[in-house]
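Since the structure comes first, as structure tokens, the remarks are kept for the end.
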Amino acid sequence: MPSIPTTILPDSTLSLMRKPYDFIREECQRQGADLFATRLMLEPTICVTGPEAAELFYDEDRFRRYGAAPVRVQKTLFGDEGIQSLDGQAHRHRKRMLMDLTTPERARDLAVRFRQLWRSTVPRWASADRVVLYDEVRELITRSVLPWAGIPVDEDEIPTRTRQLSSLFETAGAVGPKHWKGRMDRWQADRWAGDLIQSVRDGEIDPPEGSPLHEVAWHHDLAERLLDPREAGVELLNLLRPTVAVGVYITFVAHALHQHPTWDDDIDDERASRWFAEEVRRHYPFFPVVAARTRRSFTWKGYRFPADRRVLLDVDGTNHDLRVWEDPHEFRPERFREADHGPYGFIPQGGGDPETGHRCPGEDITLALTETALDCLQQTSYGVPAQDQAIDRSRLPALPSEGFVIDDVEPQPEIEAAIEPPEQRRTAP
């Protein structure tokens, strides 16, 4: 039985931090294999890449999620006791609730809000000297998703919620002061979300039946018990946080449009916007890896995986794997016309079956918002001033260095008013 290839350095933490999107792929290329063993934060870890490795990684008989995420990721990005740390029936039960809250119909409702808010915001952009798109779209999404979720929010609260929800994914890979700021933002966000859940149960807030806030607040676990308010709050944030994070993809949409302004000249197909959105998710980096732990020892391709071993799957490398994608580093939306990538060759938000596995339940929301932003950008007249447009792949999530700046925005005729949020009945405590 061959031994798993091993890195030269005894610990690869600094190497991964320096090149989070490229470390696993480059090391696998050096080793001539789809996997290698190393230590990360002094813990033995196996790193894997490619569609076959992804299929292995999402085999629930061999892997579990409980205890897999590093503590700094758990304490910022995921929160404690959320769905990311559940397995088996408990995971599927919780996942069913989230899938019901992120259907294509609900995603379209959110996209309508986002589109109308975008259009009503254009006049303000037109009066500004410069607009940092990444900052603006995150706030627009926050303004859209909170009322969509049934959450009452005051105007002066929007900047705080945008900052907190953004911090949860912006500090996931941070160290030092930025990491501790992320933990503080997580604590504050958890308290806010938990208080919302308790207010619903106490009758102080009456969100629409079927809204995310209502459904999460009254969700029962497999033992027919209501979730602890703080645990339910974590699941509410698991809907809000990744939705605000779509601002990263929207920033990449603008970047791709600027780099490829004639991408659709030769594509006469109404599905072209979907292909563009999918290619943005494939081509551009978001989060570099996902983590799991082996349930037991097993052998794969002749290599032995020990029990309780942390395994990292290379997401960005798999989305650029030559065995699946021709010219993988070229931006070609038309590749999705007949792309045969399967559930493990294209994993920007996880692999496998979203209904039962650990693939993100919010892909319909991501695509709806991304396609809407593409249409809005194409209908908005703006300039792109000189700036550093290089993608900073050393930060998490990766972004254009300046957040993609636009200027000379022109007001659109017949701007539609923003959707008024549904009325929320708030009674005195």
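The values are calculated or read from the model by the stated rules, or taken from the named source; none is laboratory data. No experiment lies behind these values; they were computed from the predicted model shown. Cβ sites come from the backbone with ideal geometry, for glycine too, and all protein chains shown count toward neighbours. Note: areas computed on protein heavy atoms with side chains; ligands, DNA, RNA excluded. Shrake-Rupley method; radii C 1.70, N 1.55, O 1.52, S 1.80 Å.
Taking 2.2 N^0.38 Å as the expected size of a compact globular protein, what ratio does the Cα radius of gyration of the range 215-324 give against it, to two decimals? Please report the intermediate quantities before stating the final value.
Details: Rg = 20.4 Å, N = 110, 2.2 N^0.38 = 13.1 Å.
Rounded to two decimals, the normalised Rg is 1.55.
What distance in nm separates the simple spin-label points at L226 and D407, each placed 7 Å from Cα in the Cβ direction?
Calculated label separation equals 5.4 nm.
Set the bar at 28 Å for Cα to Cα. Now go through K19/K181; K95/K301; K19/K95; K19/K75 and name every pair that lies beyond it.
In this structure, K95/K301; K19/K95 lie more than 28 Å apart at Cα.
Give me the mean projected area, in nm² to one decimal, of the convex hull enclosing the Cα positions of the range 211-250.
Its Cα hull, projected and averaged over all orientations, spans 3.2 nm².
Once label points are set 7 Å from the Cα along Cα→Cβ at both R130 and A90, what is their separation, rounded to one decimal in nm?
For the pair R130/A90, the computed spacing is 4.9 nm.
Carbon and sulfur atoms: what percent of the 1.4 Å accessible area of the range 82-185 do they account for?
52
When N is the residue count of the range 330-380, what does its C-alpha Rg come to as a fraction of 2.2 N^0.38 Å?
The range 330-380 yields a ratio of 1.35.
Which number do you get for Rg(Cα) / (2.2 N^0.38 Å) in the range 106-200? Intermediate values should be presented prior to the final figure.
Numbers: Rg = 15.0 Å, N = 95, 2.2 N^0.38 = 12.4 Å.
After normalising by residue count via 2.2 N^0.38 Å, the value is 1.21.
Dipole of the range 294-379 (Lys/Arg Cβ +1, Asp/Glu Cβ -1, origin at the Cα centre): which of F298, A368, V311 lies farthest to the positive side?
F298
To the nearest 20 debye, what is the magnitude of the charge dipole of the chain about its Cα centre, counting +1 on the Cβ of each Lys and Arg and -1 on the Cβ of each Asp and Glu?
On the way: 54 positive and 73 negative charges, 430 e Å.
Charge dipole of the chain: 2060 debye, to the nearest 20.
Computed FRET efficiency, Cβ-Cβ of H179 and I158, R0 25 Å: what is it to the nearest 0.05?
After rounding, the FRET efficiency stands at 0.50.
How large is the accessible surface per residue of the range 161-222, computed with a 1.4 Å probe and reported in Å² as a whole number?
Ligands and nucleic acids excluded, the figure is 41 Å² per residue.
Using the Cβ atoms and a cut-off under 11 Å, what net charge is assigned to the surroundings of M41, where Lys and Arg are +1 and Asp and Glu are -1? Don't jump to the answer; show the numbers that get you there.
Numbers: positive: R39, R72, R310; negative: D11, E43.
Result for the neighbourhood of M41: +1.
Give me the log10 of I(q) over I(0) for the range 113-267 at q = 0.08, 0.11, 0.16 Å⁻¹, as the Debye formula computes it from C-alpha points; what are the numbers?
Cα-only, vacuum Debye calculation for the range 113-267: -0.29, -0.52, -0.96.
First obtain the Kirkwood hydrodynamic radius of the range 40-178 from its Cα pairs, then insert it into the Stokes-Einstein equation at 4 °C and 1.567 mPa s, and state the resulting D in µm² per second as a whole number.
The diffusion coefficient I find is 70 µm²/s.
Å³ per residue of the Cα convex hull, for the chain?
On the way: hull volume 62.9 nm³, N = 429.
Residue-normalised Cα hull volume stands at 147 Å³.
Assuming R0 = 56 Å, what is the FRET efficiency of Q378 and S297, from their Cβ-Cβ distance, to the nearest 0.05?
The formula returns an efficiency of 0.60 here.
Once you charge only the Cβ atoms, +1 for Lys and Arg and -1 for Asp and Glu, what is the size of the charge dipole of the range 1-159 about its Cα centre, to the nearest 20 debye? Intermediate values should be presented prior to the final figure.
Details: 23 positive and 25 negative charges, 42 e Å.
It comes to approximately 200 debye.
Give the percent of DSSP beta bridges with both residues in the chain that are antiparallel, rounded to the nearest 5. Show your work: numbers first, answer last.
Working: 25 of 32 bridges.
So the antiparallel bridges in the chain amount to around 80 percent.
So for the pair T103, D353, with labels modelled 7 Å out along Cα→Cβ, what separation do we get in nm?
If labels sit at T103 and D353, their model points lie 2.0 nm apart.
Based on the Cβ-Cβ distance of D11 and R395, what FRET efficiency does E = 1/(1 + (r/R0)^6) give at R0 = 30 Å, to the nearest 0.05?
0.85
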